[in-house]
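What follows is a short report on a single structure.
Any read-out appearing in this document is the output of simple, stated calculations on the displayed coordinates, not a laboratory observation. Just so it is clear, the structure is predicted and the values come from calculations on it, not from any experiment. Here Cβ is always computed from backbone atoms with ideal geometry, including for glycine, and neighbour counts include all displayed protein chains.
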Amino acid sequence: MKIDTDLLSKLGPEEGWKYLKTREELIAREASDPFRFGYVPPLWKQASELLEKHRELLVMGGNRSGKTEWAAKEVIKLMHSKAGAVVWCFAETSATSIESQQPRLWKFMPPEWRNARKSQVTNISYTVKNGFSEAKFVAPNGSICCFKNYAQDLSVIEGAELDMAWCDELVGLDLLETLRFRLVDRNGRLAVTFTPVQGYSPTVASYLNGAKTVEEADAELLPKRAEKDGEQIITGYEKVPILQMSTRNRPVLYFHTRSNPWAGWSRMRKELQNETRERILCRAYGVPTKAIAGRFPLFNEKVHVIRHSDVPEGTRYQWVDPASGRNWFMLWSVHDKAGRCIIYREWPSMDGDYIPSIGYAGEWALPDGKKLDGKAGPAQSDFGFGLERYVEEIKRVENGEKIFERYMDSRFGNAPTLAREMPTTLIDEMSELGVDFLAAPADSIDEGVAMVNSLLHYNTEQPISALNQPKLYISERCKNTIYALSTYTGADGKKGATKDPVDAVKFIALSGAGNVDGETLMARGGGAY
């Protein structure tokens, strides 16, 4: 607590002495009992209210943002207020639990608990070196806290009834889903804390994909600049989220480092002064810019995803990645006179497209706790469509619009088969049904990824403008494609759940498709928002 020297000079000797004495008393009380008398930042109060209301909260934090301190105090608060409460705290390893989680819980433990003698109920033994004895402690009111780590056999979770679970950093999706059911009987709370140093995990992706920003703030370390009279001037600041709501109404709260009064914000500003945008977003604001080891690091939903109403007129193409054992994945793109490509339709779609006799297809891929590229979603389950039915679907969704050219994966489309006892190909058979396809380019995976990244590229240090914008955009309706570009790593190879949408986008990038004179009308809008 900094001394207010201006106030002291106004108070005079007697009142000034009272001020200093009160200040010292407050400091002493906070040091001896931070649980009851410690300072509570406004963001901590917001986090506690969200956890109380929604029973689940993901806290994304910058370095030294205070997220671990908040979560530790939240655990002690629950244990103190509810006799017999059961809380489990998860960390990556037992070592990180001892180094990171357990000291925070000891810090916020009420003094009467720290000094309580061991009894038939109470058992609290803590050392800095080894943490809590047997990775567990029992409070005088019978509340129990156990420390777990992700390297353990967690099959014992089945059957447990919990009042709260706190998962720090790289918790897997499977564990998270299990914990949600273990919290049901006691209407328990689930707190997840994460710092996206290496990008975000599949678990974090399950919260962030499709999440809507409810509250945001200016990022003072990310100014927007423009040239005026030959000089660069600051015209504003990038916005960073404070609160988002996931598609399942689960809140995501961002602990910015500046919001922590003990973080040393002035030092942090100096450290990040010449760093990249991505590093600043992560370290100072807890905002992830890509999935862990993502192949499309520049893909940014705020830049590359546009309102469907802003899709311009232009030359239209279709792109198909067929497969056996699962549904085909199809994209449609429009290419305007400005040289931009906008992916405006996907099939199957998870955005309200009702497929006759099938219904709503759902997600093409879902986050997975083990596979970086996710797991197959319901939209991949084979509908049992023959070629005639695929033709019907193409005509249904296009509804008479003019398609300039259609492309299909050459490896699948040109593979010979023995239909009707004579050699033929899928492209030939589709042509006989009245839908003509060309063979899409079949280049290496790395070359395709590089070409997509080229279309996504823009100068992240400058505002989006006609002279500084990517060449590839995606309609907000193409959620499966957006998810694939956000998360694809290629780590799962040919069986990756997000591979098909990415392959279709690669066809576009490799084909050189563009606007054809005479095919384009005046654009209705476009660009990013």
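Can you list the residues, at least 5 places off or on another chain, whose amide H is less than 5 Å from the amide H of residue 350, using H built in the peptide plane?
Under 5 Å from the amide H of residue 350: 479, 480.
Could you list 458, 285, 317 so that the one with the fewest beta carbons within 10 Å of its beta carbon is first and the one with the most is last?
Starting with the residue having the fewest Cβ neighbours, the order is 458, 317, 285.
Could the peptides 212-219, 89-96 be put in order, highest first, of the mean number of other beta-carbon atoms found within 10 Å of their residues?
Listed from highest to lowest mean packing, they are 89-96, 212-219.
Could you list the trypsin sites (Lys or Arg not before Pro) in the stretch 328-373 that lie in coil according to DSSP, counting only those with at most 12 other Cβ atoms within 10 Å of their Cβ?
Those satisfying the criteria are 370.
Express the relative contact order of the chain as a whole percentage, based on alpha carbon pairs under 8 Å and six or more residues apart in sequence.
Computed value for the chain: 15 percent relative contact order.
Working from Cα positions, state the angle (0 to 90°, nearest 10) between the long axis of helix 445-456 and the longest principal axis of the chain.
80
Mind putting a number on the dipole of the stretch 223-292 about its Cα centre? Charges go on the C-beta only, +1 for Lys and Arg and -1 for Asp and Glu, and I need it in Debye to the nearest 20.
340
In whole Å, what are the extents of the stretch 291-343 along the principal axes defined by its C-alpha atoms, from largest to smallest?
Taking the Cα atoms of the stretch 291-343, the three principal extents are 38, 30, 19 Å.
Can you give me the angle between helix 173-182 and the longest principal axis of the chain, using Cα atoms only, in degrees from 0 to 90, rounded to the nearest 10?
Roughly 60 degrees between the two axes.
Taking amide H positions as placed 1.01 Å from N in the peptide plane, with prolines and chain starts having none, which residues 5 or more places from residue 200, or on another chain, fall under 5 Å of its amide H?
290, 291, 292
Order these by the 10 Å Cβ neighbour count, fewest first: 457, 80, 304.
Sorted ascending by nearby Cβ count, the order is 457, 80, 304.
With the contact rule set at Cα under 8 Å and sequence spacing of 6 or more, what percent relative contact order holds for the stretch 207-356?
13
Could you tell me the center-to-center distance, by alpha carbons, between the stretch 317-335 and the stretch 425-477 in angstrom?
Going from one Cα centre to the other spans 12 Å.
Please list, ordered by chain and number, the residues whose modelled amide H lies under 5 Å from the amide H of residue 365; skip anything fewer than 5 residues away on the same chain.
377
Per residue of the stretch 492-506, in order, report the coupling 6.51 cos²θ - 1.76 cosθ + 1.60 (Karplus, θ = phi - 60°) as ³J(HN,Hα) in whole Hz, putting x for Gly and Pro.
Residue by residue, the stretch 492-506 yields 9, x, 5, 9, x, 5, 9, 5, 4, x, 5, 4, 5, 5, 5 Hz.
Taking a quarter of the surface of the Cα convex hull of the chain, what do you get in nm²?
Result: 32.6 nm².
How do the peptides 227-234, 346-353 rank, highest first, by the average count of neighbouring beta carbon atoms within 10 Å per residue?
Top of the packing list down: 346-353, 227-234.
Please work out the FRET efficiency for the pair residue 431 and residue 21, using the Cβ-Cβ distance as r and a Förster radius of 56 Å; give the result to the nearest 0.05.
0.05
Size of the stretch 154-251 along its principal axes in angstrom, Cα-based, largest extent first?
Extents along the principal axes, in whole Å: 69, 25, 19.
For the Cα atoms of the chain, what angle does the longest principal axis make with the long axis of helix 387-398, in degrees from 0 to 90, nearest 10?
Tilt relative to the chain: about 70 degrees.
Only four residue types carry charge here, +1 at the Cβ of Lys and Arg and -1 at the Cβ of Asp and Glu. Report the dipole size of the chain about the Cα centre in Debye, rounded to the nearest 20.
2140
Specify, per residue and in Å³, the volume enclosed by the convex hull of the alpha carbon atoms belonging to the stretch 303-460.
158
What number of lysine-lysine pairs in the stretch 301-511 show an alpha-carbon separation below 13 angstrom, given a sequence spacing of 8 or more or placement on distinct chains?
The number of close lysine pairs in the stretch 301-511 is 7.
Antiparallel as a % of all DSSP beta bridges within the chain, to the nearest 5?
55
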